[in-house]
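**Student:** Take a look at this one; I'll ask things after.
The values are calculated or read from the model by the stated rules, or taken from the named source; none is laboratory data. Since this is a predicted model, take the numbers as computed values, not measurements. Glycine gets a Cβ as well: all are built from the backbone with ideal geometry, and neighbour counts include every protein chain shown.
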Amino acid sequence: MENRNFYNEILTEHNMHPDFKHDIEDADIVLDGINPSCGDEIQLKLKTDGDIITDGAFVGDGCAISQASTDGMLTCHTIFELEYADIFMRMIRGEASDEEIDSLEEASALRDISHMPARVKCAMLGWRTLSEALKGK
Ligand code: ZN
(Lines give C-alpha, C1' and ligand atoms only; values in the text may rest on other atoms or scores of the structure.)
Protein backbone atom coordinates (compact mmCIF):
# COMPACT_ATOMS: atom_id res chain seq x y z
CA MET A 1 0.00 0.00 0.00
CA GLU A 2 1.47 3.27 -1.11
CA ASN A 3 0.19 5.22 1.87
CA ARG A 4 1.76 2.84 4.31
CA ASN A 5 5.18 3.03 2.62
CA PHE A 6 5.02 6.80 2.59
CA TYR A 7 4.24 6.75 6.30
CA ASN A 8 7.19 4.45 7.06
CA GLU A 9 9.52 6.48 4.87
CA ILE A 10 8.63 9.71 6.61
CA LEU A 11 8.99 8.13 10.05
CA THR A 12 12.37 6.63 9.20
CA GLU A 13 13.64 9.80 7.59
CA HIS A 14 12.70 12.02 10.52
CA ASN A 15 14.18 9.58 13.03
CA MET A 16 17.48 9.08 11.26
CA HIS A 17 17.92 12.68 10.19
CA PRO A 18 15.84 14.97 12.36
CA ASP A 19 16.16 18.52 11.06
CA PHE A 20 14.78 20.21 14.13
CA LYS A 21 16.08 18.16 17.01
CA HIS A 22 18.52 20.57 18.57
CA ASP A 23 18.68 23.22 21.25
CA ILE A 24 17.78 26.87 20.80
CA GLU A 25 19.61 28.60 23.63
CA ASP A 26 17.80 31.92 23.47
CA ALA A 27 14.32 30.51 22.84
CA ASP A 28 11.44 32.79 23.87
CA ILE A 29 9.05 29.94 24.61
CA VAL A 30 10.12 26.65 26.18
CA LEU A 31 7.47 24.08 26.96
CA ASP A 32 7.75 20.50 28.19
CA GLY A 33 5.58 17.79 26.69
CA ILE A 34 5.28 14.40 28.35
CA ASN A 35 3.45 11.26 27.32
CA PRO A 36 3.66 8.99 30.40
CA SER A 37 1.86 6.07 28.76
CA CYS A 38 4.82 5.53 26.41
CA GLY A 39 7.61 7.40 28.17
CA ASP A 40 7.98 10.07 25.49
CA GLU A 41 9.42 13.41 26.55
CA ILE A 42 10.06 16.49 24.48
CA GLN A 43 10.99 20.05 25.19
CA LEU A 44 9.70 22.38 22.51
CA LYS A 45 11.64 25.58 21.93
CA LEU A 46 10.32 28.51 19.94
CA LYS A 47 11.74 31.88 19.02
CA THR A 48 9.25 34.65 18.42
CA ASP A 49 9.23 38.12 16.93
CA GLY A 50 6.03 39.73 18.13
CA ASP A 51 3.24 37.36 17.11
CA ILE A 52 5.38 35.53 14.57
CA ILE A 53 7.26 32.36 15.35
CA THR A 54 10.58 32.66 13.57
CA ASP A 55 12.28 29.45 14.63
CA GLY A 56 11.39 26.21 16.33
CA ALA A 57 13.20 23.10 17.51
CA PHE A 58 12.94 20.40 20.13
CA VAL A 59 15.04 18.15 22.31
CA GLY A 60 13.94 14.99 24.01
CA ASP A 61 13.65 11.23 23.97
CA GLY A 62 10.94 8.82 23.08
CA CYS A 63 9.57 6.37 20.56
CA ALA A 64 9.95 6.77 16.80
CA ILE A 65 6.46 8.13 16.32
CA SER A 66 6.67 10.87 18.95
CA GLN A 67 10.06 12.09 17.75
CA ALA A 68 9.24 11.88 14.03
CA SER A 69 5.89 13.54 14.48
CA THR A 70 7.44 16.47 16.34
CA ASP A 71 10.25 16.83 13.80
CA GLY A 72 7.75 16.62 10.93
CA MET A 73 5.58 19.25 12.57
CA LEU A 74 8.48 21.71 12.64
CA THR A 75 9.35 21.05 8.97
CA CYS A 76 6.64 23.29 7.66
CA HIS A 77 6.61 26.94 8.67
CA THR A 78 2.95 27.43 7.87
CA ILE A 79 2.28 24.86 10.53
CA PHE A 80 3.34 27.29 13.23
CA GLU A 81 -0.27 28.33 13.49
CA LEU A 82 -2.84 27.22 15.93
CA GLU A 83 -5.18 26.32 13.08
CA TYR A 84 -2.84 23.59 11.85
CA ALA A 85 -2.38 22.09 15.27
CA ASP A 86 -6.17 21.86 15.52
CA ILE A 87 -6.41 20.22 12.08
CA PHE A 88 -3.68 17.74 12.97
CA MET A 89 -5.37 16.74 16.19
CA ARG A 90 -8.70 16.32 14.39
CA MET A 91 -6.95 14.23 11.70
CA ILE A 92 -5.57 11.92 14.39
CA ARG A 93 -9.06 11.59 15.81
CA GLY A 94 -10.35 10.77 12.30
CA GLU A 95 -12.44 13.94 12.09
CA ALA A 96 -10.59 16.09 9.52
CA SER A 97 -11.65 16.39 5.85
CA ASP A 98 -9.33 15.28 3.01
CA GLU A 99 -8.79 18.92 2.08
CA GLU A 100 -7.70 19.79 5.60
CA ILE A 101 -5.39 16.78 5.72
CA ASP A 102 -3.76 17.84 2.43
CA SER A 103 -3.02 21.25 3.93
CA LEU A 104 -0.79 19.56 6.51
CA GLU A 105 1.64 18.51 3.76
CA GLU A 106 4.25 16.09 5.10
CA ALA A 107 2.55 15.76 8.45
CA SER A 108 -0.43 14.19 6.67
CA ALA A 109 1.66 11.00 6.45
CA LEU A 110 0.64 10.36 10.05
CA ARG A 111 -3.07 10.19 9.23
CA ASP A 112 -3.12 6.39 9.58
CA ILE A 113 -2.19 6.74 13.24
CA SER A 114 -5.88 7.32 13.82
CA HIS A 115 -6.25 3.55 13.29
CA MET A 116 -3.59 2.78 15.94
CA PRO A 117 -5.11 3.98 19.21
CA ALA A 118 -2.07 3.00 21.26
CA ARG A 119 0.12 5.40 19.25
CA VAL A 120 -2.23 8.36 19.12
CA LYS A 121 -0.72 10.01 22.21
CA CYS A 122 2.76 9.60 20.74
CA ALA A 123 1.75 11.30 17.49
CA MET A 124 -0.09 14.08 19.32
CA LEU A 125 2.67 14.92 21.81
CA GLY A 126 4.48 17.57 19.78
CA TRP A 127 1.28 19.10 18.48
CA ARG A 128 -0.39 19.21 21.85
CA THR A 129 2.70 20.95 23.23
CA LEU A 130 2.80 23.40 20.31
CA SER A 131 -0.85 24.15 20.76
CA GLU A 132 -0.32 24.89 24.45
CA ALA A 133 2.69 27.07 23.63
CA LEU A 134 0.70 29.10 21.07
CA LYS A 135 -2.30 29.50 23.32
CA GLY A 136 -0.12 30.75 26.15
CA LYS A 137 1.52 33.36 23.94
ZN1 ZN B 1 5.56 6.96 22.12
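**Student:** Does the stretch 60-74 include one or more residues that are surrounded by fewer than 23 Cβ atoms within 10 Å (Cβ to Cβ), at pLDDT below 95 and away from the ligand (no atom under 16 Å from the Cβ)?
**Tutor:** no
**Student:** Another question about this same structure. Scan the stretch 31-52 for residues that are more than 16 Å from the ligand (Cβ to nearest atom) and under 14 Å from T70 (Cβ atoms) and jot them down.
**Tutor:** Result: L31, K45, L46.
**Student:** Just to check your reading of the model, which residue among I92, I29 is out of contact with any Gly (no Cβ under 7 Å at 6 or more places or on another chain), closer than 16 Å to Y7 by Cβ and aliphatic (A, V, I, L, M)? Even if it seems obvious, please write down each step before you answer.
**Tutor:** On the way: I29 fails: closer than 16 Å to Y7 by Cβ.
The unique qualifying residue is I92.
**Student:** Here is a follow-up. Being surrounded by fewer than 12 Cβ atoms within 10 Å (Cβ to Cβ) and either among the β-branched types (V, I, T) or modelled with pLDDT of 90 or more (or both) narrows it down to one of E25, E9, so name that one.
**Tutor:** None of the others qualify; the one that does is E25.
**Student:** Considering the stretch 100-137 alone, what residues qualify as being acidic (D, E), under 20 Å from I10 (Cβ atoms) and either away from the ligand (no atom under 16 Å from the Cβ) or surrounded by 22 or more Cβ atoms within 10 Å (Cβ to Cβ) (or both)?
**Tutor:** Our first condition is that a residue be acidic (D, E); within the stretch 100-137, this holds for 100, 102, 105-106, 112, 132.
Narrowing the set further to residues that are under 20 Å from I10 (Cβ atoms) leaves 100, 102, 105-106, 112.
If the condition is that a residue be acidic (D, E), under 20 Å from I10 (Cβ atoms) and either away from the ligand (no atom under 16 Å from the Cβ) or surrounded by 22 or more Cβ atoms within 10 Å (Cβ to Cβ) (or both), then E100, D102, E105, E106 are the ones that fit.
**Student:** Could you tell me whether the stretch 30-51 includes any residue that is surrounded by fewer than 16 Cβ atoms within 10 Å (Cβ to Cβ), at pLDDT 85 or above and closer than 19 Å to N15 by Cβ?
**Tutor:** Yes, because at least one residue in the stretch 30-51 is surrounded by fewer than 16 Cβ atoms within 10 Å (Cβ to Cβ), at pLDDT 85 or above and closer than 19 Å to N15 by Cβ.
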